[in-house]
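**Student:** After the structure tokens below, expect a handful of questions from me.
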Amino acid sequence: MKRSMGLSLGALAAASATLVQAQSSDLAIEEVLVTGRAQEFYLQTAPSLGNKFPGDLRDIPQSIQILPQQLIRDQAAVEITDLYRNISSVSQFSYSGVTFRGFRQDEIRYDGLLGDPFSGFSVPLLYDIEQVEVIKGPAGALFGGGEPGGLINYVTKAPTEELSGNAAVAVGNFGLYGVRGDVSGPVKEGGDLLFRLAGAYEDTDTFRINTNKRDVVLAADLEWRPSDDRSLLFRYDYVDQDFQGARLRGVPVDDDGDFLTTRKFNTNEESDFQRLEAHMMTLTYNQRLSNTLSYTLAGRYIASEERQNYHENRGLFVDEAGTTFARREFRDQKRDIDQATALAELVWDTQLGATGHKVLLGAEYYQRSNDDFFLTSSDSRRAAVLPPNFIVPDLNFFNPDYGNSDPSQFDPFVETDREIEFDTWGIYLQDQIQLTDRLLVSLGGRLEGYSEDLDSAQTVLVTGAVNRAVADESDEAFTVRAGVVYDLTDRAAMYANYSTGFNPQGASAQDPEAGGPFDPEEGELFEIGAKVDLFGDAVYLQTAIYQITKTNVLVADPAPDAPTGAVAAVGEARARGFEMDVVGDITDNWTFTLNYAYNDTVILEGSDELTNAVGDEFANAPDHQFGFWTRYDLPGIRSAIAFGGSYVSEQLSLSGQEVQSFSVFDATWITTWDKLQLQLNARNIFDEDYAESGFLSRTGHFPGDPRILRAELIFNF
């Protein structure tokens with residue numbers, strides 16, 4: 001749009017050009033570090049999804065946040081959970097799942113493509129991520145089915161045109177140590193073939209009893225850039241994660257949310273584990289055919305295997321002697337997951353009469369196949385009816401007697417063999433129309449079809465009884481997106497957005513005996529907001545007010561004569577909220593970010609039966625969230641200091657227990673000597689004892705990390 005707001009970083013244009021190249025090179029970032037130019041460290045206004053969101057963030061009629069590489073590095077973020085403090089309306093639910101504008105979900109993409117190498121219970125790692133893009137609201141018209149809160153897009157690092165790289169070593173408390181390295185540049189000086197090789201290894205004991213976590217991440221890129229109009233990128237990613245003593249559940253609490261024992265508590269034995277190995281291959285081709293026409297072709301394949309052995313907490317009891325025990329069942333689980341996706345997009349950028357048009361026509365296909373095999377051994381509640389060799393020993397709750405449970409000494413009670421195949425395709429069209437210098441309208445729609453097949457057999461090994469479940473689901477959905485951006489002044493714009501989304505029902509819910517088939521859940525968003533440059537373009541402010549309505553939510557069939565397991569689509573939920581995100585400079589050397597969100601998510605129908613809800617409220621959906629981060633550069637001593645914090649208000653667990661509000665603060669010190677950088681990070685510097693979120697009463701709340709200290713020495717070349 002023709003406005004100075006769209007060029008609000010004009011005073012920093014030269015530095016911004018350098019930063020775009022610097023995002024894939026720690027060396028370039030270090031050169032920026034000592035200049036005292038702060039704002040562009042944390043302000044990124046160009047999303048990577050240029051076909052879907054052309055231009056500047058200020059021209060998009062939607063709330064989008066971008067967390068750039070500099071913010072990730074300053075906060076020493078290793079997992080995506082380390083960054084939630086920076087995102088308004090996003091908080092922890094469990095594992096990689098979040099509460100997003102009031103609704104639980106786990107919708108993500110990598111470089112705009114479907115497919116997640118961390119599928120299951122692993123949390124995405126950030127070693128090879130350039131920036132994180134948070135797209136809020138129902139995104140069906142552009143991205144297909146999913147929950148209505150929004151989705152996260154991870155942008156991976158790319159090869160650079162000049163040879164550069166870095167190597168780093170890290171140490172910290174809880175036995176933390178690690179190394180990482182990255183080298184990138186042309187295969188031959190001045191050539192059109194670029195490469196990038198990167199890897200990271202990190203090992204830590206973590207604070208939970210019996211746990212040790214080891215991560216290995218490798219990435220290899222080869223990109224052909226014969227001209228400015230063409231590029232072909234091949235990328236290979238490898239993840240090997242070994243989490244001893246996991247899958248981690250929570251720590252039991254009382255109804256007021258106080259931990260009943262130490263936050264270190266874990267029902268798992270030292271021999272338990274959660275292991276993930278994943279291979280991901282991506283191919284992307286971009287070509288500009290003319291000044292007005294370009295296209296993108298992309299594909300991805302992921303093969304992953306997740307294996308888990310763990311002791312599940314089945315609840316506490318007190319024996320006749322007054323000793324408290326945790327009943328445990330042992331679970332041996334294996335998940336093999338194959339994912340394949342393909343995408344094609346055509347972009348036409350033209351002028352038709354007095355109006356400008358950026359037209360996007362796209363199509364994509366995604367397939368996911370799960371092959372699961374589970375073995376479960378019984379807890380002691382069945383001791384009276386099962387032979388002893390099927391029973392898992394209890395655990396003393398306050399004085400855990402680890403080592404008394406050996407899986408080789410008891411047999412599985414139940415065996416589950418399950419196959420799931422999910423397919424989806426979509427065709428979408430969007431037109432971003434520049435009606436006047438100050439008025440931009442965006443219109444789009446998507447037709448999507450999907451199918452899911454389920455074949456599951458559960459065998460009770462004691463009796464040989466088999467429970468077989470076979471189900472299939474298929475349907476189509478059409479979603480729309482309409483928005484407008486209007487410049488009130490050269491530095492202030494208002495926007496409005498209406499969009500719809502959908503979420504397919506699970507195949508098991510389509511069984512006619514359960515009441516199916518059912519239409520997909522539907523989401524509808526009304527949002528208005530403002531995007532403003534303040535104080536001579538020193539501060540960027542984004543605000544949003546929204547209402548999301550979710551319908552066709554399945555609930556347990558309330559009819560008195562309904563069969564066991566029957567469901568009905570009578571559920572409806574509504575989220576209303578306000579968000580504010582600010583990035584700016586206080587002085588040339590002092591920058592800050594802050595965000596605030598208010599959300600009120602309630603159940604309008606089916607309140608007693610909705611999943612993830614308690615009464616008429618959703619679980620792990622705080623009313624208030626606040627986060628901030630500020631950094632001050634000290635050019636005279638080539639250093640910087642940073643400090644930040646987050647606040648999350650009270651929540652409810654899935655069992656209705658209180659999750660208490662909490663505040664956590666972090667700090668960073670950075671010093672450079674030529675090509676060498678020392679970074680010291682302290683997370684939860686006051687060692688707050690708190691729960692990030694709640695789950696079931698028998699498994700407890702998920703405890704937040706205690707004080708975590710990390711030192712990293714980085715060499716840039």
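The values are calculated or read from the model by the stated rules, or taken from the named source; none is laboratory data. Since the model is a prediction, treat every value here as computed from it, not as a measurement. Because the Cβ atoms are built from the backbone with ideal geometry, glycine has one as well, and the counts that use them run over all protein chains shown.
**Student:** Pull out all pairs, ordered by first then second residue, where Cβ-Cβ is under 6 Å, the residues are six or more apart or on different chains, the first lies in region 223-244 and is within 30 Å of T206 (Cβ to Cβ), and the second is surrounded by fewer than 21 Cβ atoms within 10 Å (Cβ to Cβ) and among the acidic types (D, E).
**Tutor:** Correct list of pairs: D240/E277.
**Student:** Pairs please, first residue from region 497-526 and on the phi > 0 side of the Ramachandran plot, second anywhere and in a helix (DSSP H, G or I) and at pLDDT below 90, Cβ atoms under 9 Å, 6+ apart in sequence or on different chains.
**Tutor:** Filtered contacts from region 497-526: G515/A509.
**Student:** So which of E306, E364, E345 is surrounded by 16 or more Cβ atoms within 10 Å (Cβ to Cβ), touching a Lys or Arg at 6+ places or on another chain (Cβ under 6 Å), of a type outside the set (S, T, N, Q) and closer than 30 Å to F118 by Cα?
**Tutor:** Checking each option against the conditions leaves just E306.
**Student:** May I ask you to verify whether V123 is under 30 Å from I528 (Cβ atoms), of a type in the set (V, I, T) and in contact (Cβ under 8 Å) with a residue 24 or more places away in the chain? Working first, answer last.
**Tutor:** Details: under 30 Å from I528 (Cβ atoms): no; of a type in the set (V, I, T): yes; in contact (Cβ under 8 Å) with a residue 24 or more places away in the chain: yes.
Spelling it out, it is not the case that V123 is under 30 Å from I528 (Cβ atoms), of a type in the set (V, I, T) and in contact (Cβ under 8 Å) with a residue 24 or more places away in the chain.
**Student:** Hey, another quick one. In region 620-644, what residues are of a type in the set (A, V, I, L, M) and surrounded by fewer than 23 Cβ atoms within 10 Å (Cβ to Cβ)? Before you say what the answer is, go through the steps one by one.
**Tutor:** Filtering region 620-644 down to residues of a type in the set (A, V, I, L, M) leaves 621, 634, 637, 640-642.
If the condition is that a residue be of a type in the set (A, V, I, L, M) and surrounded by fewer than 23 Cβ atoms within 10 Å (Cβ to Cβ), then L634, I637, I641, A642 are the ones that fit.
**Student:** Is at least one residue of region 430-448 more than 30 Å from V484 (Cα to Cα) and in contact with a strand residue (DSSP E or B) (Cβ under 8 Å, 6 or more places away or on another chain)? Explain how you work it out, then say what you get.
**Tutor:** Taking region 430-448 first, the residues more than 30 Å from V484 (Cα to Cα) are none.
No - not one qualifying residue is present in region 430-448.
**Student:** Yes or no: V187 within 19 Å of R73 (Cα to Cα) and among the aliphatic types (A, V, I, L, M)? Before you say what the answer is, go through the steps one by one.
**Tutor:** Working: within 19 Å of R73 (Cα to Cα): no; among the aliphatic types (A, V, I, L, M): yes.
Spelling it out, it is not the case that V187 is within 19 Å of R73 (Cα to Cα) and among the aliphatic types (A, V, I, L, M).
**Student:** Pick from F243, F259, F273, F265: which is over 30 Å from Q660 (Cβ atoms) and aromatic (F, W, Y)? Working first, answer last.
**Tutor:** Numbers: F243 fails: over 30 Å from Q660 (Cβ atoms); F259 fails: over 30 Å from Q660 (Cβ atoms); F265 fails: over 30 Å from Q660 (Cβ atoms).
Checking each option against the conditions leaves just F273.
**Student:** Out of (1) touching a residue at least 60 places away in the same chain (Cβ under 8 Å); (2) out of contact with any Leu (no Cβ under 8 Å at 6 or more places or on another chain); (3) assigned to a strand (DSSP E or B), what's the single condition that is false for R381?
**Tutor:** Condition (3) is where R381 drops out.
**Student:** If you don't mind, there's one more thing I want to ask. Hey, among N286, N212, N266, which residue is in contact with a strand residue (DSSP E or B) (Cβ under 6 Å, 6 or more places away or on another chain) and either aromatic (F, W, Y) or under 30 Å from G694 (Cβ atoms) (or both)? Reasoning before the result, please.
**Tutor:** Details: N286 fails: either aromatic (F, W, Y) or under 30 Å from G694 (Cβ atoms) (or both); N266 fails: in contact with a strand residue (DSSP E or B) (Cβ under 6 Å, 6 or more places away or on another chain).
Of N286, N212, N266, the one residue that is in contact with a strand residue (DSSP E or B) (Cβ under 6 Å, 6 or more places away or on another chain) and either aromatic (F, W, Y) or under 30 Å from G694 (Cβ atoms) (or both) is N212.
**Student:** Can you tell me how many residues in region 430-471 are in contact (Cβ under 8 Å) with a residue 24 or more places away in the chain and in a strand (DSSP E or B)? Break it down into steps so the answer makes sense when it comes.
**Tutor:** Our first condition is that a residue be in contact (Cβ under 8 Å) with a residue 24 or more places away in the chain; within region 430-471, this holds for 430-435, 437-462, 469, 471.
Keeping just the survivors that are in a strand (DSSP E or B) gives 430-434, 439-460, 469, 471.
Within region 430-471, residues that are in contact (Cβ under 8 Å) with a residue 24 or more places away in the chain and in a strand (DSSP E or B) number 29.
**Student:** Looking at A363, A384, can you tell me which residue is aliphatic (A, V, I, L, M) and under 30 Å from R446 (Cβ atoms)? Reasoning before the result, please.
**Tutor:** Numbers: A384 fails: under 30 Å from R446 (Cβ atoms).
Matching residue, one of A363, A384: A363.
**Student:** Confirm whether L283 is within 27 Å of the chain's Cα centre (by Cα) and surrounded by fewer than 16 Cβ atoms within 10 Å (Cβ to Cβ). Can you show your working first?
**Tutor:** Values: within 27 Å of the chain's Cα centre (by Cα): yes; surrounded by fewer than 16 Cβ atoms within 10 Å (Cβ to Cβ): yes.
So L283 passes the test.
**Student:** Among the residues of region 224-234, is any within 27 Å of the chain's Cα centre (by Cα), within 30 Å of R327 (Cβ to Cβ) and at pLDDT 95 or above?
**Tutor:** Within region 224-234, the first condition is being within 27 Å of the chain's Cα centre (by Cα), and the residues that meet it are 233-234.
Next cut, within 30 Å of R327 (Cβ to Cβ) only: none.
No, because not a single residue in region 224-234 is within 27 Å of the chain's Cα centre (by Cα), within 30 Å of R327 (Cβ to Cβ) and at pLDDT 95 or above.
**Student:** Of T591, T549, which residue is modelled with pLDDT of 75 or more, hydroxyl-bearing (S, T, Y) and surrounded by 19 or more Cβ atoms within 10 Å (Cβ to Cβ)? Write out each step before concluding.
**Tutor:** Values: T549 fails: surrounded by 19 or more Cβ atoms within 10 Å (Cβ to Cβ).
Being modelled with pLDDT of 75 or more, hydroxyl-bearing (S, T, Y) and surrounded by 19 or more Cβ atoms within 10 Å (Cβ to Cβ) holds for just one of T591, T549, which is T591.
**Student:** While we're here: Report the residue count in region 629-639 for those that are under 15 Å from Q677 (Cα atoms) and touching a Ser or Thr at 6+ places or on another chain (Cβ under 8 Å).
**Tutor:** Residues of region 629-639 that are under 15 Å from Q677 (Cα atoms), as a first pass: 633-635, 637-639.
Checking which are touching a Ser or Thr at 6+ places or on another chain (Cβ under 8 Å) leaves us with 633, 635, 637-639.
Final tally of qualifying residues: 5.
**Student:** Among the residues in region 226-237, are any out of contact with any Cys (no Cβ under 8 Å at 6 or more places or on another chain), closer than 19 Å to S96 by Cβ and buried (at least 16 other Cβ atoms within 10 Å of the Cβ)?
**Tutor:** As a first pass, look at region 226-237 and keep what is out of contact with any Cys (no Cβ under 8 Å at 6 or more places or on another chain): 226-237.
Among the residues that remain, those that are also closer than 19 Å to S96 by Cβ are: 237.
Applying the additional criterion that residues be buried (at least 16 other Cβ atoms within 10 Å of the Cβ) yields 237.
Checked region 226-237: at least one residue is out of contact with any Cys (no Cβ under 8 Å at 6 or more places or on another chain), closer than 19 Å to S96 by Cβ and buried (at least 16 other Cβ atoms within 10 Å of the Cβ).
**Student:** Another question, then. For R247, work out the one condition from (1) at pLDDT below 95; (2) surrounded by fewer than 19 Cβ atoms within 10 Å (Cβ to Cβ) it doesn't fulfil.
**Tutor:** Only one criterion in (1) at pLDDT below 95; (2) surrounded by fewer than 19 Cβ atoms within 10 Å (Cβ to Cβ) is unmet by R247, namely (2).
So that you can scan it fast, the table gives a plain yes or no per residue for (1) among the hydrophobic types (A, V, I, L, M, F, W, C); (2) surrounded by fewer than 21 Cβ atoms within 10 Å (Cβ to Cβ); (3) in contact with a strand residue (DSSP E or B) (Cβ under 8 Å, 6 or more places away or on another chain):
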position: S646; (1), (2), (3): no, yes, yes
position: E650; (1), (2), (3): no, yes, yes
position: Q657; (1), (2), (3): no, no, yes
position: W669; (1), (2), (3): yes, yes, yes
position: T672; (1), (2), (3): no, yes, yes
position: L676; (1), (2), (3): yes, yes, yes
position: D689; (1), (2), (3): no, yes, yes
position: H701; (1), (2), (3): no, no, yes
position: A711; (1), (2), (3): yes, yes, yes
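**Student:** Test E189 against the criterion of being in contact (Cβ under 8 Å) with a residue 60 or more places away in the chain and of a type outside the set (A, V, I, L, M), and give yes or no. Spell out how you get there, then give the answer.
**Tutor:** On the way: in contact (Cβ under 8 Å) with a residue 60 or more places away in the chain: no; of a type outside the set (A, V, I, L, M): yes.
No.
**Student:** Being modelled with pLDDT of 95 or more and either under 22 Å from I64 (Cβ atoms) or small (G, A, S) (or both): is that true of G529 here?
**Tutor:** Details: modelled with pLDDT of 95 or more: yes; either under 22 Å from I64 (Cβ atoms) or small (G, A, S) (or both): yes.
It is true that G529 is modelled with pLDDT of 95 or more and either under 22 Å from I64 (Cβ atoms) or small (G, A, S) (or both).
Per-residue answers, yes or no, for (1) touching a helix residue (DSSP H, G or I) at 6+ places or on another chain (Cβ under 8 Å); (2) among the β-branched types (V, I, T); (3) within 25 Å of K136 (Cβ to Cβ):
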| residue | (1), (2), (3) |
| --- | --- |
| Y450 | no, no, yes |
| V460 | no, yes, no |
| A465 | no, no, no |
| T479 | yes, yes, yes |
| A482 | no, no, yes |
| V485 | yes, yes, yes |
| L488 | no, no, yes |
| R491 | yes, no, yes |
| Y498 | no, no, yes |
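**Student:** Mind telling me which of the residues P387, P407 ends up being out of contact with any strand residue (DSSP E or B) (no Cβ under 9 Å at 6 or more places or on another chain), modelled with pLDDT under 95 and surrounded by fewer than 19 Cβ atoms within 10 Å (Cβ to Cβ)? So that I can check it myself, show each step before the final result.
**Tutor:** Working: P407 fails: out of contact with any strand residue (DSSP E or B) (no Cβ under 9 Å at 6 or more places or on another chain).
So the residue among P387, P407 that is out of contact with any strand residue (DSSP E or B) (no Cβ under 9 Å at 6 or more places or on another chain), modelled with pLDDT under 95 and surrounded by fewer than 19 Cβ atoms within 10 Å (Cβ to Cβ) is P387.
**Student:** Among (1) buried (at least 19 other Cβ atoms within 10 Å of the Cβ); (2) over 26 Å from E270 (Cα atoms); (3) at pLDDT 90 or above, there is one condition K188 misses while meeting the rest; what is its number?
**Tutor:** Unmet condition: (1).
**Student:** In this structure, is N467 out of contact with any Leu (no Cβ under 6 Å at 6 or more places or on another chain) and under 30 Å from F317 (Cα atoms)?
**Tutor:** Working: out of contact with any Leu (no Cβ under 6 Å at 6 or more places or on another chain): yes; under 30 Å from F317 (Cα atoms): no.
So N467 does not fit the description; no.
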